Amino acid sequence: MSYTALYRKFRPMTFNEMVGQEHITRTLKNQIIANRVGHAYLFNGGRGTGKTSSAKILARAINCLNPKDGEPCNECEICKAALNGSLTDIVEMDAASNNSVEDVRSIREEVNFLPTKAKYRVYIIDEVHMLSTGAFNALLKTLEEPPEHVKFILATTEPQKLPATILSRCQRFDFKRISNDDIIKRLKIVCDESKIEITQGALNIIAVLSEGAMRDALSILERCIQDGENRIDEDKIKDLVGIPKFDFINNMIKSIIDCDVDEAILCISDVLNQGKDLENFLWEMIKYVKDVLVFKSCNKLELYSKDELEQLEKVAQSVSKERLIELIYEFSELQSTMKWSSQKNIVFEAGIIKLCANVIQSSGNVETRIDKIERYLKSGNFARQTQSSVNQTQQVRPTYQNVSNVQVNTVKPVNMGDKKTQQVHYEAGNIGKSWPKIVTNLKNTGKIVLYTNLINTEAKELNDMTVGIEFKKGITPFCKAILEKQENVRELTNQISIACGKEMQVKFLDVSKTIDVKPSIEQNIQNFASESEIPFNVIE
């Protein structure tokens, strides 16, 4: 006897056996009992949700010789003939391969003949959205006013592709995605009848992987028993469908959160050595980060074991919700990049290293800035502005454009006693006069790219902690990338700090568009503090 696939072997035979579509089967049974069956139906829904099975059950039920409560008996002559495929009055047509006008015209000619055995001639047209425009037009008149002995059942996954004239002539039933609980219940029945041993965790994984499609769930289950062993656990399913183990995913996410580049590279090597697909691995990482975010928000997840939940909870406690959301978007962007790349491994590794480096850079800047502020406040060395500086703040100053889009960099300068940096003599306390020498020194020390981007710029001391570098011609994206390199920031901060005689911040200012403005709120506060002889300084 030939082998029968599980999804065919366990195809529902009655409406009561349908999983997760009670809102539809109840209506259809009531129509059959009341003898109010329509002439045309449209079954719409995702793959594997029971559209074709319902169509076959409905075709048998309306022709059954001994129906009971709207269900086919599956024992009478008509039902048996329909089940073994010998009943010519039930016609199944695949519109994906029979979508021409000629195919529909053959139906128009056949509908004029009475059924041979059954009460109704039933046409089940699967994937009906694949019909051509001409085929739809040819079907339209027959679908609108078919003979009394003809019924049409159309099935599709994309109802939006059907003409409105077709939709308006059918009773539409929307098959919903089957819940994980319903899939698990059905899988348990199948496993019991097939004598398959399966763990609860494995059932959960199959339900999640099937994405609401019962047929997909049965296909995954069948794939797991093809090796001859009727015992299924979580690891077996993950190995067969190419899902990386939980430890791989958890360790990778932890290494990214902890900025551990070495550990991240080791994780990638382990995944590659296991023969896993990196795109699938990245997709699992996205889902895992999403689960961590959900757990952090509502403290509840259902599809993880107790040990896995403990590890997941540790990850959730070590990262903020904002960072998790950022990771989801960054992983999605990396996924798109990998999709169009011929060197997926290289792109994946570079993307992971970049994620770790970005976190290190962001974290380092914040910590340095906080440390500088704390040291400044503890020192008590708050500058008191003179009357001349007050007058300067009252004058009209240019507005710095796009300042918010440019990063403020703070890097601790190297030792002031460094011999290299002392070769140039700066005029202490006057950064404006020292700035041309700083720029020239960059050229002499081989920083040509940085030098060319700083030509025609000016430096001004914005406050006791910050020096602003003004770009009168604007800051281009390329220039911004050069300026934000850590080695360039370090060099600039070091030179400026030496010229000022103290540690300073560097701020890049785009003054390509200057307009006259009234003194800002910060300037007014500064003026008030100076006039009142209050030791107060506004820090930008």
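Taken residue by residue, segment 109-126 has at least one member that is in contact (Cβ under 8 Å) with a residue 60 or more places away in the chain and within 40 Å of the chain's Cα centre (by Cα). Screening K296, K290, K300 for residues that are free of Cβ contacts under 8 Å to residues at least 40 places away in the same chain, open to solvent by 50 Å² or more (accessible area, probe 1.4 Å) and either among the aromatic types (F, W, Y) or assigned to a loop (DSSP other than H, G, I, E, B) (or both) leaves exactly one candidate, K300. Among what's in segment 184-206 and is in contact (Cβ under 8 Å) with a residue 60 or more places away in the chain and open to solvent by less than 50 Å² (accessible area, probe 1.4 Å), pick the residue that is farthest from K287 (Cα to Cα). The qualifying residue farthest from K287 (Cα to Cα) is S194. Scanning segment 82-106 for residues that are open to solvent by 10 Å² or more (accessible area, probe 1.4 Å) and either within 21 Å of H23 (Cβ to Cβ) or part of a helix (DSSP H, G or I) (or both) gives A82, L83, N84, V101, E102, D103, R105, S106. Given the criteria acidic (D, E), open to solvent by 60 Å² or more (accessible area, probe 1.4 Å) and either modelled with pLDDT of 55 or more or not in a loop (DSSP other than H, G, I, E, B) (or both), does E540 qualify? In short, no. Of everything in segment 470-487, what is of a type outside the set (A, V, I, L, M, F, W, C), more than 16 Å from T457 (Cα to Cα) and either open to solvent by 60 Å² or more (accessible area, probe 1.4 Å) or outside any loop (DSSP other than H, G, I, E, B) (or both)? Give them in sequence order. Answer for segment 470-487, where residues must be of a type outside the set (A, V, I, L, M, F, W, C), more than 16 Å from T457 (Cα to Cα) and either open to solvent by 60 Å² or more (accessible area, probe 1.4 Å) or outside any loop (DSSP other than H, G, I, E, B) (or both): P477, K485, Q486, E487. Applying the criterion of being among the polar types (S, T, N, Q) and in contact (Cβ under 8 Å) with a residue 24 or more places away in the chain to the residues of segment 269-287, the residue that is nearest to F248 (Cα to Cα) is Q274.
Would you call D181 farther than 29 Å from D270 by Cβ, over 31 Å from the mean Cα position of the chain (by Cα) and exposed (fewer than 14 other Cβ atoms within 10 Å of the Cβ)? Criteria not met by D181. Checking T165, T116 one by one, the residue that is more than 19 Å from S54 (Cα to Cα), of a type in the set (S, T, Y) and assigned to a loop (DSSP other than H, G, I, E, B) is T116 and no other. The C-beta contact set for segment 1-19 (first residue surrounded by fewer than 16 Cβ atoms within 10 Å (Cβ to Cβ), second residue charged (D, E, K, R), distance under 7 angstrom, 6+ apart or interchain) comprises A5/E222; N16/E71. Scanning segment 157-173 for residues that are open to solvent by 50 Å² or more (accessible area, probe 1.4 Å) and in contact with a Gly (Cβ under 9 Å, 6 or more places away or on another chain) returns T157, Q171. Taking the criterion of being closer than 16 Å to K287 by Cα and in contact with a Gly (Cβ under 9 Å, 6 or more places away or on another chain), the only residue of segment 221-251 that qualifies is G242.
Apart from one condition, R26 fits all of (1) open to solvent by less than 50 Å² (accessible area, probe 1.4 Å); (2) out of contact with any Gly (no Cβ under 6 Å at 6 or more places or on another chain); (3) under 30 Å from S168 (Cα atoms); the exception is (1). Name the residues in segment 242-267 that are β-branched (V, I, T) and open to solvent by 20 Å² or more (accessible area, probe 1.4 Å), would you? Residues satisfying the conditions are I257, V261, I265.
In segment 211-226, the condition of being basic (K, R), open to solvent by 20 Å² or more (accessible area, probe 1.4 Å) and without any contact (Cβ under 8 Å) to a residue 24 or more places away in the chain is met by at least one residue.
Selection of segment 208-235 for residues being modelled with pLDDT of 85 or more and of a type in the set (D, E, K, R) yields E211, R215, D216, E222, R223, R231, D233. When the test is whether a residue is in contact with a Gly (Cβ under 8 Å, 6 or more places away or on another chain), among the acidic types (D, E) and either more than 17 Å from F10 (Cβ to Cβ) or free of Cβ contacts under 8 Å to residues at least 40 places away in the same chain (or both), D181 does not pass it. The residues of segment 303-333 that are small (G, A, S) and assigned to a helix (DSSP H, G or I), listed by number, are A316, S332.
Restricted to segment 481-504, and to residues there that are under 38 Å from the mean Cα position of the chain (by Cα) and among the polar types (S, T, N, Q), the residue that is modelled with the lowest pLDDT is Q486. Check segment 138-156 and report whether any residue there is surrounded by 18 or more Cβ atoms within 10 Å (Cβ to Cβ), outside any helix (DSSP H, G or I) and of a type in the set (S, T, N, Q). Yes, segment 138-156 contains a residue that is surrounded by 18 or more Cβ atoms within 10 Å (Cβ to Cβ), outside any helix (DSSP H, G or I) and of a type in the set (S, T, N, Q). Scan segment 334-361 for residues that are open to solvent by 80 Å² or more (accessible area, probe 1.4 Å), free of Cβ contacts under 8 Å to residues at least 24 places away in the same chain and assigned to a helix (DSSP H, G or I) and the total you get is 2. Among the residues of segment 20-47, those that are part of a loop (DSSP other than H, G, I, E, B) and either hydroxyl-bearing (S, T, Y) or free of Cβ contacts under 8 Å to residues at least 12 places away in the same chain (or both) comprise A34, N35, R36. For segment 48-69, a residue qualifies if it is touching a residue at least 40 places away in the same chain (Cβ under 8 Å), closer than 15 Å to R11 by Cα, open to solvent by 10 Å² or more (accessible area, probe 1.4 Å) and not in a loop (DSSP other than H, G, I, E, B), and the qualifying residues are K51, T52, S53, K56.
When the residues of segment 402-440 are filtered to those that are at pLDDT 60 or above, open to solvent by 20 Å² or more (accessible area, probe 1.4 Å) and not in a loop (DSSP other than H, G, I, E, B), the one that is farthest from Q486 (Cα to Cα) is K433. Taking the criterion of being at negative phi and of a type in the set (G, A, S), would at least one residue in segment 430-439 satisfy it? Yes, that holds for at least one residue.
The values are calculated or read from the model by the stated rules, or taken from the named source; none is laboratory data. None of the values given here were measured: they were computed from a predicted structure. No Cβ is skipped: glycine too gets one built from the backbone with ideal geometry, and neighbour counts run over all protein chains shown. Please note that ligands, DNA and RNA were not included when accessible areas were found on the heavy atoms of the full protein model with its side chains. Shrake-Rupley method; radii C 1.70, N 1.55, O 1.52, S 1.80 Å.
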